[in-house]
Structures are given as structure tokens and as C-alpha cells.
Protein chains: 2
Amino acid sequence: MTEQTSGETIFERVALVGIGHIGSSLARALKREAGLIGHLAISDLDAGARAKALELGLADTIHEEPADAVADADLVVLCTPIGTYRAISKALAPHLKPGCVISDVGSVKRAPIRDMAPNLPDTAHFVPGHPIAGTEHSGPESGFAELFEGRYWLLTPPEGTDADAVARLRRLYEAIGALVEEMDADYHDKVLAVTSHVPHLIAYTIVGTAVDLEGHLQNDVIRFSAGGFRDFTRIAGSNPIMWRDIFLNNREAVLEILQRFTEDLTALQRAIRWGEGQTLQDLFTRTRAIRRGVIEARQEVPPSADNPG
Amino acid sequence: MTEQTSGETIFERVALVGIGHIGSSLARALKREAGLIGHLAISDLDAGARAKALELGLADTIHEEPADAVADADLVVLCTPIGTYRAISKALAPHLKPGCVISDVGSVKRAPIRDMAPNLPDTAHFVPGHPIAGTEHSGPESGFAELFEGRYWLLTPPEGTDADAVARLRRLYEAIGALVEEMDADYHDKVLAVTSHVPHLIAYTIVGTAVDLEGHLQNDVIRFSAGGFRDFTRIAGSNPIMWRDIFLNNREAVLEILQRFTEDLTALQRAIRWGEGQTLQDLFTRTRAIRRGVIEARQEVPPSADNPG
């Protein structure tokens, strides 16, 4: 069930809605494996993205309207910001082929179940998904077929989801190199709040703090940006709409982790103010164990820059 | 004055006090350029570090006591945590050769002037310095000769410092590939608080927050660590003593930037709580300009992982 039979066509017609960084990477990966899928249809409301997709030869057919792309599709994957899911799922619903599998690639997994599931026909199998892959770049030209190789692709099917639909999606993503895992949507959102959402918010904040500095100081901050700040600017260079939607749609988990973070930061701030060196040293020593764990876990995946799509 | 005459021996005898990541990198760089210096003496109180330095052939003589290393030296560079400067400078002072140049590599520059200058004889020329280079690794075995190539090395000589002493140190560091700049110590500490110290404190904090999570959640945070968190764990894997001393010795600037940061974070937290998408999107868009500036500035330096030593 977790291994692709060589030459097997897992889905005859696949439709990708949205052809940005993740959508175009998925398109490239699916087309690379001969026979893995039949027809690939993509849609994007943006004319510039469609022109670029055409130029790059990313799909068999390119559509403006999602409804045209999904007609007769056996698999539909939403690759648009989470804030668009409600409207797109409503627009798509009447056009979905009975028995089709529908998924997404959003970094939050409870919100799609809330926003999409009620709009979909009972004959469609909804399997929310999230590839933990991506770079800080945006747009169809930034994608590449190898993006998902060795990276986790998390599926969060609600209870009662058709097991065969989940299995087929798993086979498809494994065929393009991903490590597929299933988990509960709420648990997913909590893990990602810690590993990705709050770190991004913090990075955006400190870079924003620098934006507000007086001109000459800001120039020297950029000029002498050391490892810490430079890493943060990379993170804070990501797609603004995508991240706005992530924070609006994972509010509860983000606020909870943020609360813990600010309590911890306040304690450190106090230790600095009162010169409590031991408190600082203790924390700085404890965090090394987590680093070791990450290095060990990382051996399973290629060492490339990434953040969640 | 800023170009090394080929073959010129800039300092006859050089002593490095402390042979960790930065000290050993400096030793390697100085020995690589034939004739740049004469004798290289190093000292370290740690027997393990001395044994490793001997094995690696990092210096001409290796001493336990700093006083033995600095005797007759024309240049002395402290490569130990900032918290040791007061005691070491007191111990060294009686042994310094008249006319010698003494410097350091600490990431804070006002504190050395406060802690060292009063202990040094009038015949020594104190030129505080800070190479913006380093990795998250520690110890003599982690150093490498190319560490300073294309990286800034900031000098913060107090008013009235001997110009020739500053010029010679500049020539030495330029000869090993560094870009040398002079600036005011307080200004340095403010810039570094933004580019390095506060980002490190934030990274330590969020990784520490993860350490306190329940066991299974913590395991999955490590396993599925995405770009944001993984970058932070790298930063938070740095030397605990060095960083403790940085925060204790750049308290004022760190607390000021931290105050601005927490105000900004509180505003974003509020925007998330009340679903104010436009506020989030506006900030996430503004931070992109800083990212572009860093990318442009970065063209001057090699793209390697770094943080301040």
C-alpha cells in the first residue's frame, strides 16, 4: 500500500488549483514520473501566472476558472492561500466528478476541514494535506520537481474518510519522493505553530523592528547583518498573503504558543536586567539537546532551505 | 595604509589568549600567510584545548598561563568570553611589552573598554575588535583559516588611541581577508543588539519553549521541524558561556531593542486575536524591503553560515 507499482497510473486526470511555488513544484514532480498520472490540468486566476505556466510547459491544459480545470478530474489539489478555500470549494463543488479525491497543501489543517468540507458533495473524498517543504520564493517560476524528495507530507483525513482515497493519495506523494504521515488536524496545527508559525511571526517582528530604526542605524544593521538577523530576513521574505492566512487560520494554537514564548522571554529579559548569569547559562545549555535532536532527525531529509508551503 | 606590502611581517610575536572557535581560526589564518607574523604563542587554561591545539599544530608555543604567552609579544588578542576580560587583563598587565598592541574579539565593545582599559599600562595600545564571523560550533577543532575572508572585522578604538597601532592591526586583519571598519563602541553595541544579540535571545527562547512541551509533542516538533524552527535551533546551539557574557555585557542596548520587539510582537498578537488581516499583511510586505537590502549587501561577502564570535 505504501509502494508504487512501477508504471501504475494512480490518477487519470489531476487538477491543480493555483500555480505558485508549491503548485508548480507539484506539477513538475507529477509530470516527471512517466505514467504516474494521465492528464494534468491547472488553473490560476492570475493571467501572468498562466502565461508563465504555459511558457514553462507545466501542464497539459491551463485554465482561468477552477471549475474548468476540475471537470472530470480524479484528483483536485488546492494550492492557493488558505483564505481562498471557502470560495473556491463552493465554486468547484458542482463540477466535481463523483468519487474524486480532493486535497490541499495549506500549512494549517483544521481550517480547511471547517471551510471546505461543508461545501463538498458526499461523493467527493476530502483528504487535507500539507507538504513540509518550500522556500521563501513565490510564483510558478520558483518551483522545482525535487522539492518534495525526502520531505514529510502530512495527511489529516477526518474520521470516516474513505481509506482507499487516502491510500491512493499516499501512493502518489510517495511516488514523487515524499515521506507521507497521517495525523490529527488539531495536533498538526499545534506542532506547526511551534515549528513554523510562531518562528515566522517572531522573524517578521524583529525584521519589522529593524525597519522602524532611524535611517543610518538601519543601513548599518543591513550592512553588518550577522547570522541571526540574516537568517530572520530570509524567513521574513516569504509570501505575505500566504502567511497572513496562516496566522488568521491557526489563531488558537499560535496564540497559545506565543503566550508561552512571551512568558519565557520576559523571564530572560528580567535575568538580563538583574544580571542573573546562571539563569541565562542554564537555558542556553538546555537548548543544545533540542539542537542535537534536530540534527539527528535531519539525517533523514536533504539539507535544503525550507519552510512550509 | 590599508594594503599589506607583500612579505611584510606586521607583528614579530603574536599571542592569542584562548584557543576556541575564533582563536583557533585566527591562529590558522595567521600561520597560513607566510611571513605575516613571526612567532605565534597561544594560551588556554583548559588542558584538553591545549592538547588539541598541540595535535593540530596551531602555534609555535602553547602555554597554560596567559602571562607566559604574552611575554615579549607585539600583539596580544583575547579570544575568551567577555566575562573573563577583567581578570585576564589584570593578570597580563605586568607582563606586557612596552608598545605592544592589545585587542580582543568579543561581540560587545563598550564592556572591554570598561573592564580592560583601566588595568592596562599606558605603554600598551588597546584597540578593541570584533570579527563578524563564526559558526555555532565551539572548540579549537572547529576553527578554519578561511573564516574571516570577506567578513567584516570592526575596530572600536577609544579616542586618542595611537593611530599607528590601529593601522597595523587593520593591515593584519586585511591580510587574512577581512573587511576592516572603524566605529564608535556604543554604536557598535546598538547595531549588534539588533543584528545578532536580540535574534539570538529570541531563538534561544523559542527553542526553550519547545523544551518545555509535553514529551510526545516535543518529539514531533523535532521530527517535523520546518525551516523556521530548524534555523532557530542552529542559532540556539551556540556556546552558552559566550552568549551569557554577551547579554550580561550589552544589557542596555539589548533591553532597549527587546522592548521595541515586544511592543511590536504584542501589536501582532492583538492583530491575530482580532483577525486583523490587513495589519499582518502590511508588516509582512514591509519586511521584504529589508530582505532585499540584506541580499544586496551580502553580495560582498561569501554566503556561509555565520554568527558573531
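Among the numbered conditions (1) in contact with a strand residue (DSSP E or B) (Cβ under 9 Å, 6 or more places away or on another chain); (2) modelled with pLDDT under 95, tell me where B:Gly99 comes up short.
(2)
With the requirement that a residue be of a type outside the set (A, V, I, L, M, F, W, C) and within 36 Å of the chain's Cα centre (by Cα), what does segment A:272-284 give you?
To start, the set of residues in segment A:272-284 that are of a type outside the set (A, V, I, L, M, F, W, C) comprises A:273, A:275-279, A:281-282.
If the condition is that a residue be of a type outside the set (A, V, I, L, M, F, W, C) and within 36 Å of the chain's Cα centre (by Cα), then A:Gln281, A:Asp282 are the ones that fit.
Return only the number of the condition from (1) touching a Leu at 6+ places or on another chain (Cβ under 6 Å); (2) within 7 Å of chain B (Cβ to nearest Cβ); (3) farther than 22 Å from B:Gln278 by Cα that A:Arg244 does not satisfy.
Going through (1) touching a Leu at 6+ places or on another chain (Cβ under 6 Å); (2) within 7 Å of chain B (Cβ to nearest Cβ); (3) farther than 22 Å from B:Gln278 by Cα one by one, A:Arg244 breaks only (3).
Mind counting the residues in segment B:43-94 that are of a type in the set (A, V, I, L, M) and either in contact with a Pro (Cβ under 9 Å, 6 or more places away or on another chain) or surrounded by fewer than 16 Cβ atoms within 10 Å (Cβ to Cβ) (or both)? Spell out how you get there, then give the answer.
So the first thing to find is which residues in segment B:43-94 are of a type in the set (A, V, I, L, M), and the list is B:45, B:47, B:49, B:51, B:53-54, B:56, B:58-59, B:62, B:67, B:69-71, B:73, B:75-78, B:82, B:87-88, B:91-93.
Within this subset, residues satisfying the condition of being either in contact with a Pro (Cβ under 9 Å, 6 or more places away or on another chain) or surrounded by fewer than 16 Cβ atoms within 10 Å (Cβ to Cβ) (or both) are B:45, B:47, B:49, B:51, B:53-54, B:56, B:58, B:67, B:76, B:78, B:82, B:87-88, B:91-93.
Final tally of qualifying residues: 17.
Of the residues in segment B:124-170, how many are assigned to a loop (DSSP other than H, G, I, E, B) and of a type outside the set (A, V, I, L, M)?
Of the residues in segment B:124-170, the ones assigned to a loop (DSSP other than H, G, I, E, B) are B:124, B:127-128, B:132-139, B:143-144, B:149-151, B:156-162.
Filter once more, keeping what is of a type outside the set (A, V, I, L, M): B:128, B:134-139, B:143-144, B:149-151, B:156-162.
Final tally of qualifying residues: 19.
For segment B:9-25, does any single residue satisfy the condition of being without any contact (Cβ under 8 Å) to a residue 40 or more places away in the chain and either closer than 25 Å to B:Ser196 by Cα or more than 16 Å from the chain's Cα centre (by Cα) (or both)? Write out each step before concluding.
So in segment B:9-25, the residues without any contact (Cβ under 8 Å) to a residue 40 or more places away in the chain come out as B:9.
If we keep only those that are either closer than 25 Å to B:Ser196 by Cα or more than 16 Å from the chain's Cα centre (by Cα) (or both) as well, we get B:9.
Yes: segment B:9-25 contains one or more residues that are without any contact (Cβ under 8 Å) to a residue 40 or more places away in the chain and either closer than 25 Å to B:Ser196 by Cα or more than 16 Å from the chain's Cα centre (by Cα) (or both).
Say we look at segment A:270-286 and pick out the residues that are out of contact with any Pro (no Cβ under 6 Å at 6 or more places or on another chain) and crowded, with 19+ Cβ neighbours inside 10 Å; which of these is farthest from the other protein chains (Cβ to nearest Cβ)? It would help to see each step written out before you state the result.
Initially, segment A:270-286 is screened for residues out of contact with any Pro (no Cβ under 6 Å at 6 or more places or on another chain), giving A:270-280, A:282-283, A:286.
Next, only the ones that are crowded, with 19+ Cβ neighbours inside 10 Å stay: A:271-272, A:280, A:283.
Details: A:Ala271: 8, A:Ile272: 5, A:Leu280: 5, A:Leu283: 5 Å.
For segment A:270-286, the residue satisfying everything is A:Ala271.
Of the residues that make up segment B:287-303, is at least one surrounded by fewer than 21 Cβ atoms within 10 Å (Cβ to Cβ), more than 8 Å from chain A (Cβ to nearest Cβ), β-branched (Val, Ile, Thr) and under 17 Å from the mean Cα position of the chain (by Cα)?
yes
A quick yes/no check of all residues on (1) within 19 Å of the chain's Cα centre (by Cα); (2) touching a residue at least 40 places away in the same chain (Cβ under 8 Å); (3) in a helix (DSSP H, G or I); (4) farther than 22 Å from A:Glu256 by Cα:
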site: B:Val191; (1), (2), (3), (4): yes, no, yes, yes
site: B:Val194; (1), (2), (3), (4): yes, yes, yes, yes
site: B:His197; (1), (2), (3), (4): yes, yes, yes, yes
site: B:Ile202; (1), (2), (3), (4): yes, yes, yes, no
site: B:Phe247; (1), (2), (3), (4): yes, yes, yes, yes
site: B:Gln259; (1), (2), (3), (4): no, no, yes, no
site: B:Arg270; (1), (2), (3), (4): no, no, yes, no
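To keep it simple, each residue is scored yes or no on (1) out of contact with any helix residue (DSSP H, G or I) (no Cβ under 7 Å at 6 or more places or on another chain); (2) at pLDDT 95 or above; (3) not aromatic (Phe, Trp, Tyr).
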site: B:Pro118; (1), (2), (3): yes, yes, yes
site: B:Pro121; (1), (2), (3): no, yes, yes
site: B:Pro128; (1), (2), (3): no, yes, yes
site: B:Leu169; (1), (2), (3): yes, yes, yes
site: B:Pro199; (1), (2), (3): no, no, yes
site: B:Ile206; (1), (2), (3): no, no, yes
site: B:Leu213; (1), (2), (3): no, no, yes
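How do the strands (runs of 3 or more DSSP E) wholly within segment A:1-69 filter down when requiring 1 or more residues that are of a type in the set (Lys, Arg): which remain?
Numbers: elements: A:11-17, A:37-43, A:61-63.
Result: A:11-17.
In segment A:191-208, what count of residues is obtained for those that are more than 7 Å from every other protein chain (Cβ to nearest Cβ) and surrounded by fewer than 24 Cβ atoms within 10 Å (Cβ to Cβ)?
Of the residues in segment A:191-208, 0 are more than 7 Å from every other protein chain (Cβ to nearest Cβ) and surrounded by fewer than 24 Cβ atoms within 10 Å (Cβ to Cβ).
Given the condition more than 24 Å from B:Asn250 (Cα to Cα), modelled with pLDDT of 95 or more and part of a strand (DSSP E or B), answer yes or no: does some residue in segment B:76-87 qualify? Working first, answer last.
Going through segment B:76-87, the residues more than 24 Å from B:Asn250 (Cα to Cα) turn out to be none.
No.
If A:Phe229 meets every condition in (1) closer than 25 Å to A:Thr84 by Cβ; (2) in contact with a Pro (Cβ under 8 Å, 6 or more places away or on another chain) apart from one, which number is that one?
Failed condition: (1).
What number of residues within segment B:151-174 satisfy the criterion of being surrounded by 21 or more Cβ atoms within 10 Å (Cβ to Cβ), touching a residue at least 60 places away in the same chain (Cβ under 8 Å) and under 18 Å from B:Lys31 (Cα atoms)?
Adding up the residues that qualify gives 3.
As an exercise: evaluate B:Ala178 against (1) closer than 20 Å to B:Thr135 by Cα; (2) surrounded by 24 or more Cβ atoms within 10 Å (Cβ to Cβ); (3) more than 10 Å from chain A (Cβ to nearest Cβ) and give the number of the one condition it does not meet.
It fails just one condition, (2).
Among the residues of segment A:233-245, how many are surrounded by 22 or more Cβ atoms within 10 Å (Cβ to Cβ), modelled with pLDDT of 85 or more and in a helix (DSSP H, G or I)?
Selection size over segment A:233-245: 5.
Filtering segment A:209-225 down to residues that are among the small types (Gly, Ala, Ser) and not in a loop (DSSP other than H, G, I, E, B), which residue is farthest from the other protein chains (Cβ to nearest Cβ)? So that I can check it myself, show each step before the final result.
The first filter runs over segment A:209-225 and keeps only residues among the small types (Gly, Ala, Ser), leaving A:210, A:215, A:225.
Applying the additional criterion that residues be not in a loop (DSSP other than H, G, I, E, B) yields A:210, A:215.
Details: A:Ala210: 6, A:Gly215: 12 Å.
Residue satisfying both the conditions and the ranking: A:Gly215.
Please go through (1) closer than 30 Å to B:Glu252 by Cβ; (2) in contact (Cβ under 8 Å) with a residue 60 or more places away in the chain for B:Phe126 and return the number of the only condition it doesn't satisfy.
It is condition (2) that B:Phe126 fails.
Using the structure shown, decide if A:Ala34 is small (Gly, Ala, Ser), surrounded by fewer than 24 Cβ atoms within 10 Å (Cβ to Cβ) and modelled with pLDDT under 95. Full working, then the answer.
Values: small (Gly, Ala, Ser): yes; surrounded by fewer than 24 Cβ atoms within 10 Å (Cβ to Cβ): yes; modelled with pLDDT under 95: yes.
It is true that A:Ala34 is small (Gly, Ala, Ser), surrounded by fewer than 24 Cβ atoms within 10 Å (Cβ to Cβ) and modelled with pLDDT under 95.
The values are calculated or read from the model by the stated rules, or taken from the named source; none is laboratory data. The model shown is predicted, which means the values in this text are computed figures rather than measured ones. Virtual Cβ from ideal backbone geometry, glycine too; neighbours counted across all protein chains shown.
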